[in-house]
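The values are calculated or read from the model by the stated rules, or taken from the named source; none is laboratory data. Remember, predicted model here, so these are calculated numbers, not experimental data. We place every Cβ from the backbone using ideal geometry, glycine too, and count neighbours over all the protein chains shown. Surface areas here come from the heavy atoms of the whole protein model, side chains and all, with no ligands, DNA or RNA. Shrake-Rupley method; radii C 1.70, N 1.55, O 1.52, S 1.80 Å.
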Amino acid sequence: MFSGYDEKGWGFFFTLFVLRVILTGWNHAAFTAFIGIGIALARLNKRWWLWLLAPFLGWLMAVTLHGAYNALVSREGGAGFLLALCLSWTGWLTILALIFWAITRDRARLRLYL
């Protein structure tokens with residue numbers, strides 16, 4: 001008989017489904033955004049070392065966050081669930097803060113040059 005995603009039964013399956021699909025299904029987009037941020041920093045900067053280093057650091061951040069999230073979700077109990085949820089929302093809040101910073105910076109540049 002099929003016992004869900006894992007041998008731990010249907011309860012674990014539904015918990016994993018809620019955590020991975022409903023609450024944090026957008027994580028791959030957030031992890032990929034860090035790679036895009038690294039590429040954008042390299043593109044907008046004239047320093048050669050940052051041009052080389054920023055995309056790698058963006059990729060490293062994405063891989064680290066993804067690995068940490070997977071490790072937390074794999075843990076049993078509520079602590080892993082809550083930590084994974086906090087990690088997920090912290091990533092989104094970081095990206096949201098970067099978006100607001102970029103909008104503010106662009107608005108200032110537009111006022112200066114237009």
Boolean, N70 is loosely packed, with under 14 Cβ neighbours inside 10 Å, touching a Phe, Trp or Tyr at 6+ places or on another chain (Cβ under 9 Å) and free of Cβ contacts under 8 Å to residues at least 24 places away in the same chain: no
Residue list for the stretch 19-54, restricted to those being open to solvent by 70 Å² or more (accessible area, probe 1.4 Å), aromatic (F, W, Y) and under 24 Å from D106 (Cα atoms): W48, W51
The stretch 96-109 residues that are assigned to a helix (DSSP H, G or I), paired with ones that are open to solvent by 80 Å² or more (accessible area, probe 1.4 Å) (beta carbon under 6 Å, 6 or more apart): none
Options G25, G80, G38, G67: the member that is within 21 Å of the chain's Cα centre (by Cα) and assigned to a loop (DSSP other than H, G, I, E, B): G25
Which numbered condition R47 misses (of (1) within 20 Å of A97 (Cα to Cα); (2) at pLDDT 80 or above): (1)
Single unsatisfied condition, V63 versus (1) open to solvent by less than 30 Å² (accessible area, probe 1.4 Å); (2) within 28 Å of L85 (Cβ to Cβ); (3) at pLDDT 90 or above: (1)
Exclusive hit being part of a helix (DSSP H, G or I) and either surrounded by fewer than 15 Cβ atoms within 10 Å (Cβ to Cβ) or touching a Leu at 6+ places or on another chain (Cβ under 7 Å) (or both), set L16, L87, L57: L87
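For (1) modelled with pLDDT under 80; (2) among the acidic types (D, E); (3) farther than 19 Å from A97 by Cα, each residue gets a yes or a no:
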residue: D6; (1), (2), (3): yes, yes, yes
residue: G11; (1), (2), (3): yes, no, yes
residue: L23; (1), (2), (3): yes, no, yes
residue: G36; (1), (2), (3): no, no, no
